[in-house]
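What follows is a set of notes on a single structure, which appears directly below.
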Amino acid sequence: MSVKPFYFFLPLLFTLPSHANNPLPGHLQPLGSQVVPVGDVLTLAQVPSPEEFFNEFVKPGKPVLFKGAAIPTPAFKSWTDDYLSSKFGKVKFDVEEGKKENRSKELFNMPLEEFLKSYKEKDIYLVASVPKIMRGDIYLLKCILCGGFTDELQDTVMWFSNGGTKSVLHFDAIDNINCLMSGTKELFMVDKKEHAHINIDKPDGSFSKVDVDKVDLEKYPGLADVPWYKATMEPGDCLFIPYRWFHQVRSYGPRNLAINIWFTHRLTFKPDNCEKSAYKDKEFAPLSEFQVKEITEPGLSLLLIDEMGEQPIDEKKFFEIIEKLWPSKKWMNEAAIETLKAMFEVIDANKDTLITQEEVRNAQLEEYEEDLMEILPQDEEGDESVHDEDDVRPGDDDDKYENLGRRGDL
C-alpha cells in the first residue's frame, strides 16, 4: 500500500447545519443558481511579468483571466482536427464515457485519430497528460518563465470533447493555468477561505459529491449563500486557478479543447533566477524546452503557512492545525504527539515558544513528515466515518484520480 504525500490531506471536512424549511432558493437547481456571484474574476489584457504574477496573484491566491493570451501560440493556431490527426494520430490517450464527471467510470485507451473521428457524435471526452512529442506546440506564458515556476512544472493535461462536460465541485493541491484553444467555459469559483461553505464529502479525492445540476441544499446547505466568482473563458483565454480554490467547470462546444499547465504552489519568488534566465524578456517559450515532473513538496510546510496566517502561533494552535489537516476520525496517539512536539521545537528557531511563517519556511520538516505518515492512523476504505457505499470506483488506480485532485478541470 503506497503512502500518500502529506499535502494530500487538506482541511476540508466540515459538519454543516441543515435547513428545515423548504423550498430553499436554488434548491435542486444548477450550481450557481442559489446566490448571485460576488463578481467576475479579474480580467487582464496583458500577461504580467513573473514577479508581478507572483506578488499579485500567486502569493495572495487570487485568480485572474488573461484575455486572448494563447492566441499567438502554435497550439491555438494549428491544432485543428486534421492537423492533430495527421501529425499525432497514432498517439494513444485516455478517454472516458460520459461527460458529466462522477469519477466512477473506467478510462479506456485509444489512438487520437480514432477519438477525432468519433468525439463529435459520442458522449466521450479525452483527458490525459500531453506527451513529449506534442509539447513543442504548447507555449508557456511569460508570467511563469522564470522566478522558479519552471523548476516545478508538474504536468500538462489536455481536455478534449464536443462540449457539454461538467466537472465535480473540487479543489486542486497545486496551481494551474488553463488555456482554452476552442469552445467556451464557465467556472464557479470559491475562495479557499470560504471552506466552511463547501462540504468536501469525498476527501480522498478532494471533491464534493454534490450533483452540480441539482444542488440538494438540505445536504449541502453551505452552498445556499456561498460567496462565489464567475469566470467565462473564450477561445485563446488563459485562466490562473490558485491552489485550493474550489471550482466547478462547464464546457461548451461543438468543439472544446483546453490545456492545463500545472506547477507547484510557490512560497517565495526567485529574482536571481530571472536575472540569469534566457527567457526573462520572452513573451512565450515552448513547453518542450522545460522538464515536467511530479513533485510532492512542499507538503506540510505549505499547509502550515496557509493555515496559520500572518501572526505567530503557539504549540496549542499548532496541534489544532495538524488535527484539522488530518482527515481521520481516529486522532492522535503517543508517538504522534511526541513527533509533533519535536517538530514544533525544530521550527521554533529562536525558542520563544511561538512559530512564524518564516520559521516554517526555513525548517527542514521532511523527516518528520515521513514519520507522521507512518505513525498517524488513516481510515480504511469502507470506514463509515469517511466513506460511503457509493464511493467505490471500480477499476480505479489510486494515482489517476486522487493525486493532486487534478481530474476536474474539464
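A quick yes/no check of all residues on (1) more than 27 Å from residue 161 (Cα to Cα); (2) not basic (Lys, Arg):
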site: 41; (1), (2): no, yes
site: 50; (1), (2): yes, yes
site: 59; (1), (2): yes, no
site: 70; (1), (2): no, yes
site: 86; (1), (2): no, yes
site: 108; (1), (2): no, yes
site: 122; (1), (2): no, no
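Can you find, within segment 316-346, the residue that is modelled with the highest pLDDT among those that are assigned to a loop (DSSP other than H, G, I, E, B) and among the polar types (S, T, N, Q)?
Taking segment 316-346 first, the residues assigned to a loop (DSSP other than H, G, I, E, B) are 326-333.
Still in the list and also among the polar types (S, T, N, Q): 328, 333.
Working: 328: 55, 333: 79.
Restricting to residues being assigned to a loop (DSSP other than H, G, I, E, B) and among the polar types (S, T, N, Q), the top hit is 333.
For the subset of segment 49-78 comprising residues that are more than 29 Å from residue 133 (Cα to Cα) and more than 21 Å from the chain's Cα centre (by Cα), which member is surrounded by the fewest Cβ atoms within 10 Å (Cβ to Cβ)?
52
Of the residues 180, 217, only one is within 20 Å of residue 261 (Cα to Cα) and in contact (Cβ under 8 Å) with a residue 24 or more places away in the chain; which?
Numbers: 217 fails: within 20 Å of residue 261 (Cα to Cα).
That would be 180, the only listed residue that is within 20 Å of residue 261 (Cα to Cα) and in contact (Cβ under 8 Å) with a residue 24 or more places away in the chain.
Against the condition over 15 Å from residue 171 (Cβ atoms), touching a helix residue (DSSP H, G or I) at 6+ places or on another chain (Cβ under 9 Å), among the β-branched types (Val, Ile, Thr) and surrounded by 18 or more Cβ atoms within 10 Å (Cβ to Cβ), how does residue 215 come out, does it pass? Walk me through how you get there before you give the answer.
Details: over 15 Å from residue 171 (Cβ atoms): yes; touching a helix residue (DSSP H, G or I) at 6+ places or on another chain (Cβ under 9 Å): yes; among the β-branched types (Val, Ile, Thr): yes; surrounded by 18 or more Cβ atoms within 10 Å (Cβ to Cβ): yes.
When the stated conditions are applied, residue 215 passes them.
Would you confirm whether any residue within segment 113-130 is among the polar types (S, T, N, Q), surrounded by 15 or more Cβ atoms within 10 Å (Cβ to Cβ) and either in a loop (DSSP other than H, G, I, E, B) or assigned by TED's automatic domain parsing to the domain that holds residue 211 (or both)? Reasoning before the result, please.
Residues of segment 113-130 among the polar types (S, T, N, Q): 118, 129.
Now restrict to residues that are surrounded by 15 or more Cβ atoms within 10 Å (Cβ to Cβ): 129.
Among the residues that remain, those that are also either in a loop (DSSP other than H, G, I, E, B) or assigned by TED's automatic domain parsing to the domain that holds residue 211 (or both) are: 129.
Yes, the conditions are met somewhere in segment 113-130.
If we scan segment 83-92, do we find a residue that is within 18 Å of residue 254 (Cα to Cα) and of a type in the set (Val, Ile, Thr)?
No.
Assuming residue 404 fulfils every condition listed in (1) at negative phi; (2) modelled with pLDDT under 80; (3) surrounded by 11 or more Cβ atoms within 10 Å (Cβ to Cβ) apart from one, which condition is it?
(1)
Exactly one condition in (1) at pLDDT 90 or above; (2) surrounded by 15 or more Cβ atoms within 10 Å (Cβ to Cβ); (3) of a type in the set (A, V, I, L, M, F, W, C) is false for residue 107; which is it?
Every listed condition holds for residue 107 apart from (1).
Determine, yes or no, whether residue 137 is under 30 Å from residue 198 (Cβ atoms), buried (at least 18 other Cβ atoms within 10 Å of the Cβ), touching a residue at least 60 places away in the same chain (Cβ under 8 Å) and among the charged types (D, E, K, R). Step through it out loud before you land on a result.
Working: under 30 Å from residue 198 (Cβ atoms): no; buried (at least 18 other Cβ atoms within 10 Å of the Cβ): yes; touching a residue at least 60 places away in the same chain (Cβ under 8 Å): yes; among the charged types (D, E, K, R): yes.
No; evaluated as a whole, the condition is false for this residue.
Going through segment 225-251 one residue at a time, which ones are more than 21 Å from residue 197 (Cα to Cα), among the small types (Gly, Ala, Ser) and crowded, with 21+ Cβ neighbours inside 10 Å? Talk me through it step by step, then tell me what you get.
Within segment 225-251, the first condition is being more than 21 Å from residue 197 (Cα to Cα), and the residues that meet it are 232-240, 251.
Add one more test, that the residue is among the small types (Gly, Ala, Ser), and what stays is 236, 251.
Correct list: 251 only.
So, in segment 159-213, how many residues would count as being at pLDDT 95 or above, closer than 27 Å to residue 120 by Cβ and among the charged types (D, E, K, R)?
The total comes to 4.
Would you point out which residue out of 257, 267, 287, 304 is modelled with pLDDT under 95 and buried (at least 17 other Cβ atoms within 10 Å of the Cβ)?
304
What number of residues in segment 195-221 are assigned to a helix (DSSP H, G or I) and on the phi > 0 side of the Ramachandran plot?
Let us first name the residues in segment 195-221 that are assigned to a helix (DSSP H, G or I), namely 195-197, 203-205, 221.
If we keep only those that are on the phi > 0 side of the Ramachandran plot as well, we get none.
The number of residues fulfilling the criteria is 0.
Looking for whichever is of a type in the set (S, T, N, Q) and within 22 Å of residue 150 (Cα to Cα) here; the options are 178, 199. Which one fits?
On the way: 199 fails: within 22 Å of residue 150 (Cα to Cα).
Criteria check complete, one pass: 178.
Within segment 29-48, can you find the residues that are surrounded by fewer than 17 Cβ atoms within 10 Å (Cβ to Cβ) and touching a residue at least 24 places away in the same chain (Cβ under 8 Å)?
Matches in segment 29-48: 29, 30, 33, 35, 37, 38, 39, 40, 43.
Please specify each residue of segment 190-244 satisfying the condition of being of a type in the set (D, E, K, R) and within 30 Å of residue 72 (Cβ to Cβ). Spell out how you get there, then give the answer.
As a first pass, look at segment 190-244 and keep what is of a type in the set (D, E, K, R): 191-194, 201-202, 204, 209, 211, 213-214, 216, 218-219, 225, 230, 234, 237, 244.
The answer is 230, 234, 237.
The values are calculated or read from the model by the stated rules, or taken from the named source; none is laboratory data. What you see is a predicted model, and the numbers here were worked out from it, not measured in a lab. So basically every Cβ, Gly included, is an ideal-geometry build from the backbone, and we count neighbours across all protein chains shown.
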